[in-house]
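**Q** Sharing a structure here in C-alpha cells format.
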Amino acid sequence: MSQFFGSKKVLGVLGAGQLGKMMAQAASPWDLTLHMLDPTPGAPAAHLCTHCQTGDFRDEETVMAFGKNCDVLTIEIEQVNVRALERLEAEGKAVYPQPRALKIIQDKGLQKRFFDEHGLPTSPYQLYDGPEALRRDNPAFPKVQKKRTEGYDGRGVQMLRNASDLDRLLPGPCVVEDAVDIGTEISVIAARSPSGEVVTYDPVEMQFHPEANLVEFLAAPARIPPALAEAARKLARDTIEAFDLVGLLAVEMFIDTGGNLLINEVAPRPHNSGHHSIEACVTSQYQQHLRAILNLPLGETALRSPAVMLNLLGEEGHAGPVRYAGVEAVLRAPDAFLHLYGKHETRPFRKMGHLTVLDASLERAIECARALKPQLKAQT
Ligand code: ADP
C-alpha cells in the first residue's frame with residue numbers, strides 16, 4: 001500500500017489511548033492521514049492525529065459510520081465492536097487484525113481452545129458458565145480464575161489457592177487454568193504482513209507489581225539462555241501464523257520452573273512489553289505495525305542496546321488531576337527517555353506514562369531505572 005504515501009488515503013484506528021498516541025507518533029514522519037475514534041474527548045492521541053472522533057468503539061453503528069471514511073482499519077485496544085469490523089471487511093475495507101482473529105482473542109476461553117487445537121503449548125484449563133458450575137466441580141488447587149471477556153491489566157484474574165477462595169469467585173463465564181509454577185514471564189512481539197512475511201523481536205522479561213498484578217518493569221533482552229530465546233521466537237512465529245494474523249501479535253509466555261515455554265495470552269496490537277522498542281530497536285513496534293498493516297516491507301527488529309522499561313503508574317491514594325514529580329531527575333540521567341501519555345486524571349495504578357533506560361550493560365540499565373523509579377511519580 002505504498003499508495004498511502006503522499007495521498008489522502010485514511011488509516012482509521014479504533015482507540016486513541018497511549019498505544020494510539022505512540023502509533024500516531026510513528027505515523028507522523030511518513031505523514032500518514034490518521035483518523036481515530038475514542039469515547040474520551042482529549043484522549044492521549046487526540047491532538048496527534050489528523051482527525052479524532054469522539055464516540056464509542058464498542059457501538060456497531062458508530063464504528064460503521066467511522067469506518068466508512070477509512071481505507072484501512074486497525075485497533076489499539078481489543079474491546080471494540082467486531083460485528084462492525086466484519087461488516088466493513090465484507091464491504092471491501094482492509095481490516096487488520098482480521099475480525100475473525102480478534103473475536104477469538106477477545107475471549108480468553110476461545111483463545112485457550114485455539115492454542116490447544118493448534119498444538120500451541122499452554123497450561124491445562126476448563127471453561128465454566130459461572131461461579132456455581134466451578135464450585136460444583138470441586139477443582140484441585142492451585143488454580144487461576146480468569147473472566148473470559150473484559151479483563152485487562154490483571155483485573156479479572158485471580159489465584160485460587162484453596163477451597164475457601166471458592167467463596168470469592170469472579171462473576172460470569174470464566175476460564176480456570178492450572179497454576180503454572182512460573183520461573184520467568186516473557187513476551188515476544190511478532191509482526192506479519194499480508195504477503196506472509198514474519199519478523200519477531202527479542203524476548204523481553206517482565207517483572208510484575210506485587211499488588212496491582214501489572215507489569216511495571218521490563219528488561220530487554222530477557223536474561224534467558226539463547227536456545228530458549230530462539231524457541232520463544234519460533235513459538236511467537238508459529239502463533240501469528242496459526243492465527244493467519246496481519247499486524248502485530250504480542251505473545252505473553254511463561255517459562256515454568258522446568259524450563260518449558262507455555263503461552264499465557266496474546267494481544268493483536270502494539271503492546272506494553274514493546275514500548276522500549278521506540279528507542280532501543282532499529283524499528284519500533286509502532287512503525288512495524290504500520291508497515292505490516294499497510295503491506296510494506298517489515299523492518300529490522302534488532303536491539304540497538306539493552307533496555308529497561310518502567311511503567312509510570314498512578315500513586316496509590318491519589319485520584320484526580322495529575323501532577324508529576326521527579327521529571328528533572330529522569331532528564332538528568334544520560335540515556336533515559338520519558339513518555340507521559342497526557343491523561344488528565346490520575347488514579348491508583350493507572351498507566352500514566354513510561355520510562356525507558358538504555359545502557360550497553362543491562363544490569364546498569366536496571367540499576368539506573370531502580371534509582372529513578374521512587375522519584376518519578378504521578379500524583380495529585
Ligand atoms: P491480563 O490479561 O489482565 O494481563 P493475564 O492472563 O496476563 O491477565 O494474567 C495476569 C498475571 O496473572 C500473569 O501475568 C501471571 O503473573 C498471572 N497468571 C496468569 N495465568 C496464570 C497461570 N495459569 N498460572 C500462574 N500465574 C498466572
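**Q** At most 16 other Cβ atoms within 10 Å and a DSSP loop assignment: could you name the trypsin sites (Lys or Arg not before Pro) in segment 97-203 that fit? Please list the in-between numbers first.
**A** Numbers: sites: Arg100, Lys103, Lys108, Lys112, Arg113, Arg135, Arg136, Lys143, Lys146, Lys147, Arg148, Arg155, Arg161, Arg168, Arg192; in loops: Arg148, Arg161.
Passing both the DSSP loop test and the Cβ count: Arg161.
**Q** Next question. For Leu331, what accessible area in Å² do you get when you roll a 1.4 Å probe over the heavy atoms of the protein chains, rounding to the nearest 10?
**A** Counting only protein heavy atoms, Leu331 exposes about 120 Å² to solvent.
**Q** Could you tell me the accessible area of Cys52 in Å² (1.4 Å probe, neighbours in place), rounded to the nearest ten?
**A** 40 Å²
**Q** A further question follows. Using Stokes-Einstein with the Kirkwood hydrodynamic radius over Cα pairs, what translational diffusion coefficient do you get for the chain at 4 °C and a viscosity of 1.567 mPa s, in µm²/s rounded to a whole number?
**A** On the way: Rh = 21.4 Å.
Calculated translational D: 60 µm²/s.
**Q** Could you tell me the relative contact order of the chain? Use alpha-carbon pairs under 8 Å, at least six residues apart, and round to a whole percent.
**A** Values: 851 pairs, mean separation 50.3, N = 380.
Once divided by the residue count of the chain, the mean separation gives 13 percent.
**Q** Moving on to the next point. Divide by every residue of the chain the summed helix terms, -39500 (n - 2.57) for each DSSP H run of at least 4, and state the resulting mean residue ellipticity at 222 nm, rounded to the nearest 500 deg cm²/dmol. Mind showing how you got there, number by number?
**A** Values: 11 runs with 100 residues, N = 380.
Dividing the helical sum by the residues of the chain leaves -7500 deg cm²/dmol.
**Q** Where only protein heavy atoms count, and the probe is 1.4 Å, what is the accessible area per residue for segment 139-278 in Å²? Could you put the intermediate results ahead of the total?
**A** Values: 5260 Å² over 140 residues.
Averaged over the residues of segment 139-278, the accessible area is 38 Å².
**Q** Could you compute how much accessible surface Thr74 exposes when probed at 1.4 Å, giving the result in Å² to the nearest 10?
**A** Near enough 0 Å² of accessible area.
**Q** Go ahead and set up a Gaussian network model of the chain, Cα springs under 10 Å, then flag whichever of Ala336, Ala302, Ala227 fluctuates most.
**A** Result: Ala227 has the largest fluctuation of those listed.
**Q** Further question on the same structure: Over the chain, with every protein chain in place, what whole percent of the accessible area is carbon and sulfur at 1.4 Å, could you tell me? Show your work: numbers first, answer last.
**A** On the way: 7650 of 15780 Å².
About 48 percent, which is the carbon plus sulfur part of the accessible surface.
**Q** Around Ala94, which amide H atoms from residues at least 5 apart in sequence, or from another chain, sit under 5 Å from its own amide H, with H modelled in the peptide plane?
**A** Here Leu73 satisfy the definition.
**Q** Name the long-range amide H neighbours of Gly353: under 5 Å, sequence gap of 5 or more, or other chain; modelled H, no Pro or chain starts.
**A** Leu312, Tyr341
**Q** I've got another one for you. Working out 0.36 nm times the residue gap between Trp30 and Ser164, then minus their Cα-Cα distance, what length gain in nm do you get to one decimal?
**A** 42.6 nm
**Q** If I stretch the segment between Asp137 and Thr40 completely, what's the gain in nm (0.36 nm per residue apart, minus their alpha carbon distance), one decimal? Present the calculation step by step, with values, prior to reporting the outcome.
**A** Working: separation 97, 0.36 × 97 = 34.92 nm, distance 4.21 nm.
Length gained, Asp137 through Thr40: 30.7 nm.
The values are calculated or read from the model by the stated rules, or taken from the named source; none is laboratory data. Note that the structure is predicted; figures quoted are calculated from it, not measured. As a convention, Cβ positions derive from the backbone with ideal geometry for all residues, glycine included, and neighbour counts pool all protein chains shown. Just the protein is used for accessible areas: all its heavy atoms, side chains included, with ligands, DNA and RNA removed. Shrake-Rupley method; radii C 1.70, N 1.55, O 1.52, S 1.80 Å.
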